[in-house]
Every structure is written in C-alpha cells, then in structure tokens.
2 protein chains.
Amino acid sequence: MGSIAPQMAELDGSHFNITRSTTLRDVPLPGSPEELSHSYCTDHMVTVRWTVGNGWETPEVKPYQNLSIAPTASVLHYATECFEGMKVYRGYDGKLRLFRPDLNGQRLNNSSQRSSLPGFKYDELKKLVAKLMQIDGPRWLPKDRPGSFLYIRPTVIGNGPHLGVQVPKEALLFIIAVPWPDFTKTRKTGGLRLFASTPDTIRAWPGGFGYAKLGANYGPSLLAHGKAQALGFDQILWLFGDDRQVTEAGASNFFLIWRNKETQKLELVTAPLENQLILPGVTRRSVLELVNERLSKKAVGNLEPLEVVERTFTIGEIEQAAQEGRIVESFVSGTAYFITPVAMIRNNETDISTLPENGEPAGYAAQIKSWMEAIIYGKEAHDWGYVVENEEN
Amino acid sequence: MGSIAPQMAELDGSHFNITRSTTLRDVPLPGSPEELSHSYCTDHMVTVRWTVGNGWETPEVKPYQNLSIAPTASVLHYATECFEGMKVYRGYDGKLRLFRPDLNGQRLNNSSQRSSLPGFKYDELKKLVAKLMQIDGPRWLPKDRPGSFLYIRPTVIGNGPHLGVQVPKEALLFIIAVPWPDFTKTRKTGGLRLFASTPDTIRAWPGGFGYAKLGANYGPSLLAHGKAQALGFDQILWLFGDDRQVTEAGASNFFLIWRNKETQKLELVTAPLENQLILPGVTRRSVLELVNERLSKKAVGNLEPLEVVERTFTIGEIEQAAQEGRIVESFVSGTAYFITPVAMIRNNETDISTLPENGEPAGYAAQIKSWMEAIIYGKEAHDWGYVVENEEN
C-alpha cells in the first residue's frame, strides 16, 4: 500500500504549471471579519493530481477557486482525506520562513498512506509551499509587517469518482494559505478551560489512527467539542482507558509542569507517542527538544531546571497534584493555537485548577514561546527555520 | 447538538424546485463498463441545503453534476460526512419499491447528528428518494426489466467554507442513484473469503462511532482492506478486543449458523448492537426478523428450525466449532452485497472453513434471500416494501 511503482511519476516540487490570477483580492486587516472567518484565502493555490496509473502529475499554481468534485467522490463518502497545519512567518529580517516543514512533509506522507492515499517524497512538500509563498507572500505578508503569519493547509483527498468502497484510484494534493487570527494576541487572558471527556466519547484507540492527521479524527470529535463549548469551555481534554489517561486537548498536545512528589524536582509531563493515541505534533516535539536543550540542566532567569517526562499519566494524578499544590503550569501546543496556557480542567463534577496557588503561571510557557518566536521570526539563526527564497517582488 | 430551533425550517420532502436535464444520458447495460465503474449516475440528483441560521431550504431536483466545493470546506478536512446505502427495485408487478426506507432515514438522521451535521425528520428522506425515482425511474429501471435495481446514495456533508475546527454552519444533503452490478449474479460462486483483522488494526471501539454510517468508519479501514484484497481475500472480518470478538465483515454484517454444543439446536449467531461497535444494518435487522418469524418455531422444507442469537462471540469459538464440525453455514448481509455466502476465514495462519463438511451451504441464506427478494420485487405483499407512486411515464 502506498508504495510507488518504479514507472510512476513521483511528486516533484521543482517544476510547475502556473496560471496567474488576474483579479487580486484585498488583503484583510488583522482582526477583520474576513480574517476571523477562517475561509478567506490568498490569491493562489497549489494543486497536484495523482492517478493510480501515472502517479503524480506536474504541480499547478492557479487562482484560488472552488474544487469541482463528483458527487460519487471517495472523499465525500469514505473520508479518504488528511491534512497538515503549517504557518509561514514574515521575519524581522524581512524573510519568509516555514518552521521545520520536513516534519509536516513526513507526517502528511504517513497520514496519506494511512488513508490509502498516495505516498510521496516528503521533502517535496516544502517546495510546493515555498512556491505558493514566492507568489502570494510579498502581498499577503508584506515586509513592513514583520511578526505576522499565514496559516498553510496542505490537504490530500481521494477525488476519484468511484463510489465502491475501495482504495482510491485518484487523488488531489492541494495547498491553500489562509490569513488567520493570532490567538496569542486576541484570546482573552486567563488561560484555556478544558472539559475532560467522558467514557462514552473516546477520540482514539490502540490500533486506530489517532496518531495520523486524518479527517476521520476530527469530524466525530466535534459533537463533544460543541457540547463543551456550549458549557463555556474551550476544548475537550481527551481521556482514554479505565484509568482515564490524559492524551491530548482538542486538536493540541497537552503539557503539565508539576513538582515530583518524591524527587521534589520540576517535570514537564506529556503523553507518550508509543501507543499511537496522540498526534505527534511538530510544536510538541519542538517544545520537548528546546526544554531538553535549554532548561533540563540549568536554570534560566527565575525558572528552575525542568525535566522532560513523556509517560502515560492520568487525570487522577493531575487532581492529586492540584490538591497537594504541586502544579506549576499547564499549556497546550499546536500550530493553530501555538503555545497557550491552560487555566483549569473540569473532570466530571470537579474543577481542577492547573494554575499554581498564586494564580500566575510560572513563566515556562512564555519562555518557550519566546524561544520559538525568535526562531520563526528570524531573530535567532536556527536550522528549524526554512527560508522561502526568491520571492516575487 | 443537532436539535432544531423552532424558528428553523425543517426538512420537507413534499415541495421541490425542479430543473430538468436537457441531455439525457444513455442507460448502461447490465455488466457494462459504465455499470461496473460505480461512478455513472442517473440523469438527476436531489440536493437540499442547510444553514445554521435558516435550517433546511427547499429541496432541488437538478441535472446530475459535479459539486462546487470550497477548498476550505469542512468535509474535505474534518470528515464531516455520513451516508446511507439503499436500493430502488423494479418489481414483477411493474412497481418501483424502496425497502424499509424509514430505517435508512432514522439511521441517516442519527449519523448526521453524530457527525455534528443537522438532524431532520427521518420520514422525509423516503419522499426525497421517491421524487428522484418518479423522474429517473421509468427510463433507468424500465418496466420491461423487472428484478432490476439502482443503488441510492443519500449523503450529508459539511460544505461550509470555514476552515476552523468547529461544528459545521452549513451542510448539503444530496441523493444520487447509481446503476450497480448485481453481485449475487456476477460474483464467482464458492462464497466470500474473509481475512480476520490483526490487533494492530481496529475498525471501531467503545465510545467511538462504529454504530453510525460516518465516512470516518470507511477511509481508515481501506488500508487493511486493500492488503487483504492483494492476498486474494474479499473482505476484512473485523475483530475486537483481547478475546478477538467477531464484529462485522468489511462493510457488511456477519452471520454464522452453527449447532450449539450443549443443546444440539441450530443457532443463527451475530454480533449484538449494544456495545455500539457494529453498524445496525437494515438487511441485518430484516434477516433476524424473518428468521424469528418464519424459522424459529418450525422447519421450512429441509431446513430445521433456527434460533436467533445476538451475542458477543469470538473467532476462537468459530475455530472450535469448525474443528468439531458444528458449522452449518455463514453469510454476510448488507445493501451493497445483499446476502452473500462466506466460504472461509483466515485468522493469523489458520484457515477456517465456514462451510459444512460436505462443502455445501445448508440453504438458509438462499431461503432468507428468496423471502427478501419476494418482498422487494413485489411478489409478496409486505409492509417492508414502500411503493414509489406517480412515476412520470
């Protein structure tokens, strides 16, 4: 499955057929209704068609437009679909950057094959995104607005017209770029309020697909998400198993900083990847790597050292830590939400505060976010930043 | 979730805006490439738009055509989609019939709300299907071809353009009709070969959505399905749990007829609905009801009485029954496959024959199928058949 026969064309992000838009759209202002709609895209999109007989065709850049999809198409019936969330950032040095785009390429390749959609050479994805940004970047992320970003959504769908339940024979990879609200600026302060899932609603299961970015992980979760929002919560905290293991929050990874009862040392704890229940977030990985590198051995300012612990942990452990005053901070990470503090978790009838007793986060999330921002906006030279060269000006 | 505020319009299948196709398509012959493609639809389709503000709009009948879908649409990213499988049958009395269409309406309503898509009055669905068949039925299922059918696919998708992960604000219900191969006539004899799933691939889980007809149940299952097909098998037999419970086969419900070791009586065993792991099939329910009514108390011809048993059973029990010569017959049921015998199951390295020792099915599946066909093709008056009145001739 997903392997590419030798005679089939591989995905190639170095040659394009380009059709320019002749009617450029207004670029929405930050905070405008267009930006808040999450539905207003830039002038162009990338599409790459795949067929089982010929493999990947030449990528196209074309004016942003609706897709024409047969009512019988696999994606509309069988959820043969997967996606990535990325951002492109305008740096303070005037350059456009992607953040670790090969990790997104690898994950999309994995997700696509998990969906019975075609695989591809993962490092081609960043070239496709870069081409779109060479064309749309200068106008949509102007150099005089450093510190801004666009959300990038690469997607693979099974768009062949065969209604039989079968491995798709045709697919489309498309990439769109969307002005996106900066939640870290617009969100009300105080931190997220999470609603712990109940046993009758489970997001993912061992042997399932919770580790891949399939559409099938999202739609079925919206019912619980909508109910939680109606109760005034921001996200579901997805629990799993009889012992109510903490997995992930909404579409973000979940982190807790607490003081180990035995060692009295501070730990940054998050769910492990091994059991394949959670998404291997790019931001998650980056948080863990930065903390390991910069905070595990030494204090930083007022922040004492922090040990990274990836392990299964339960909502009961969080509740106990809160009762014992051992919680220092909590946050979620993801591309859409970046790094956002968590204020509390409702578990059944119990509200658990994830803030320390003085009500103020210790400052780890702010420090990690600051390090990440320095990288993505080019204040610090770092190989996690991938520069989009040759912008059209 | 899914409840309809009083001021919002409900789905109404009694009024339509109708646009006729001016270029009618050739009706494909049975066994033709067009029919085998599963992608060649009738001349018209039904669409009904829904918005969170206004509810359901007036249903439209229009020429079959591609859908224009925003690249940001929820259905393409988050699998906000569900469907039904139904058929319309041309009877030997010249009438068109649907089979228990309110069961499909109820299930689509359930599936839609499980997907955070809008609910509707379930008994309107059959009116929408009937309208499409009043127009396309006479030409696509001519009265001089009794015993033929079309496959009907009602589908609900979240087609609003909002890319944020949220409950959809717009949706589209559409219904298409597809000439479909008659598997009971074209399939090679000898019965299906099933490949039992391995613990690293789970179709559904408690607290999930295996009981609803969501796209999210299908796409992620295609990888295993494709691997099994490459090994020469027809379908996956989905097992669940440490004890390897038998749930369902491919997209069909699974039945086994065996002799109970203690009572020496024959049992028709199938997985129960209570744990929400399997789809509550309309054909499954009809099989159980027919057997209960016509076979549980008395013999029919050579067929001795049969007790319906809905309970959790394991692949180990099947293997043991086969070793002890207690298996009489096995089959799957579903709209697409109707009632199809099963010849064997491969479980790990073991091939289990589900045929009796003489190699010939006992004839229960054939008898049940014959009863069903009498109902759907109008040989027997029965309230399970819903006649499409007022065909345009």
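Hey, got a sec? Which GluC sites (Glu not before Pro) in segment A:348-393 land in a DSSP loop and have at most 13 other Cβ atoms within 10 Å?
Details: sites: A:Glu349, A:Glu357, A:Glu373, A:Glu380, A:Glu389, A:Glu391, A:Glu392; in loops: A:Glu349, A:Glu357, A:Glu380, A:Glu389, A:Glu391, A:Glu392.
Passing both the DSSP loop test and the Cβ count: A:Glu349, A:Glu357, A:Glu380, A:Glu389, A:Glu392.
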In nm, one decimal, shortest first: how far is the label point of A:Pro28 (7 Å from Cα along Cα to beta carbon) from the matching points in the other copies? 4.2
Add -39500 (n - 2.57) for each DSSP H run of 4 or more in chain B, then divide by its residues: what number comes out at 222 nm, to the nearest 500 deg cm²/dmol? -6500 deg cm²/dmol
With +1 on the Cβ of every Lys and Arg and -1 on the Cβ of every Asp and Glu, and nothing else charged, how large is the dipole of segment B:237-283 about its Cα centre, in debye rounded to the nearest 20? 220
For chain B, take the longest principal axis of its alpha carbons; what is the angle in degrees between that and the long axis of helix B:364-376, to the nearest 10 within 0 to 90? 20
Can you work out D for the protein assembly as shown in µm² s⁻¹ from Stokes-Einstein, where Rh is the Kirkwood radius over C-alpha pairs, the temperature is 37 °C and the viscosity is 0.692 mPa s? 117
Cα-projected label distance for B:Glu10 with A:Glu57, points at 7 Å along beta-carbon direction, nm: 4.6
Quick check on my link table: of A:Lys169/B:Lys95; A:Lys121/A:Lys143; A:Lys213/A:Lys298; A:Lys143/A:Lys297; B:Lys87/B:Lys298; A:Lys95/A:Lys369, which ones sit more than 29 Å apart, alpha carbon to alpha carbon? A:Lys169/B:Lys95; A:Lys121/A:Lys143; A:Lys213/A:Lys298; A:Lys143/A:Lys297; B:Lys87/B:Lys298
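Run the numbers for B:Gln320 and B:Glu34: contour at 0.36 nm per residue of separation, minus the present Cα-Cα distance, in nm. Show your work: numbers first, answer last.
Working: separation 286, 0.36 × 286 = 102.96 nm, distance 4.43 nm.
The span from B:Gln320 to B:Glu34 would gain 98.5 nm if fully extended.
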Ranked highest first by average number of other Cβ atoms within 10 Å, how do A:245-257, B:223-235, A:128-140 line up? A:245-257, A:128-140, B:223-235
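Starting from the Cα gyration tensor of segment A:186-362, multiply each eigenvalue by 5, take the square root, and state the resulting semi-axes largest first in whole Å. All intermediate terms of the calculation are to be shown ahead of the outcome.
Details: eigenvalues 121, 68, 50 Å².
Calculated on Cα positions only, the semi-axes equal 25, 18, 16 Å.
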Please report how far the C-alpha centroid of segment B:102-178 lies from that of segment B:267-286, rounded to the nearest whole angstrom. 23
Cα centroid distance between segment B:296-332 and segment A:355-393, in Å? 63
Starting from the Cα of A:Arg139, step 7 Å toward the Cβ, then list every residue of segment A:38-52 with an amide N under 15 Å from that point. A:41-46
Nearest-0.05 FRET efficiency for B:Asp351 and B:Glu293 at R0 = 35 Å, using Cβ-Cβ distance, is 0.50
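Averaged over A:157-167, how many beta carbons belonging to a partner chain fall within 10 Å of each residue's beta carbon?
Working: counts 5, 2, 2, 1, 6, 3, 13, 9, 11, 5, 8.
The per-residue average across the peptide is 6.
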At the level of C-alpha centres, the distance separating segment A:192-230 and segment A:34-84, in angstrom, is 25
Copies compared at A:Ser353 - label distances in nm, ascending, label defined 7 Å from Cα in the Cβ direction: 7.2
Obtain the radius of gyration and the Kirkwood radius of segment B:75-208 from its C-alpha atoms and give Rg over Rh. 1.05
Peptide A:61-72, shielding by other chains (average Cβ, 10 Å cutoff): 6
Output the 0 to 90 degree angle, nearest 10, between the alpha-carbon long axis of helix B:282-294 and the longest principal axis computed from the alpha carbons of chain B. 50
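Quick check: convex hull over the Cα atoms of segment B:36-76, volume per residue in Å³, rounded to an integer? Could the numbers behind the result be given before it?
Numbers: hull volume 4.2 nm³, N = 41.
In segment B:36-76, the Cα hull volume divided by residue count equals 103 Å³.
Let me spell out the model: positive unit charges on the Cβ of Lys and Arg, negative unit charges on the Cβ of Asp and Glu, origin at the Cα centre of segment B:186-362. What dipole size does that give, in debye rounded to 20? Present the calculation step by step, with values, prior to reporting the outcome.
Numbers: 18 positive and 21 negative charges, 108 e Å.
Its charge dipole is roughly 520 debye.
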Translational D (Stokes-Einstein, µm²/s) of chain A at 10 °C and 1.306 mPa s when Rh comes from the Kirkwood sum over C-alpha pairs? 72
Neighbouring partner chain Cβ atoms per residue of A:78-86, average, 10 Å criterion: 6
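By counting other Cβ atoms within 10 Å of each Cβ, how are A:Asp242, A:Asp93 ranked from fewest to most? Intermediate values should be presented prior to the final figure.
Working: A:Asp242 7, A:Asp93 13.
Ranked by crowding around the Cβ, least crowded first: A:Asp242, A:Asp93.
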A correct Karplus calculation of ³J(HN,Hα) over segment B:270-281, with 6.51 cos²θ - 1.76 cosθ + 1.60, θ = phi - 60°, whole Hz and x for Gly and Pro, returns 8, 5, x, 8, 4, 7, 6, 8, 10, 6, x, x
What residue among B:Arg311, B:Arg244, B:Arg326 has the largest mean-square fluctuation in a Gaussian network model of chain B, using Cα springs under 10 Å? B:Arg311
For A:Leu273, inter-copy label-point distances (7 Å, Cα→Cβ), nm, shortest first, read 4.2
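Values quoted throughout were computed directly from the atomic coordinates according to the rules given, and no laboratory measurement underlies them. Computed from a predicted model, the values in this text were never measured in an experiment. Every residue, glycine as well, gets a Cβ built from its backbone with ideal geometry; the counts of neighbours run over all protein chains shown.
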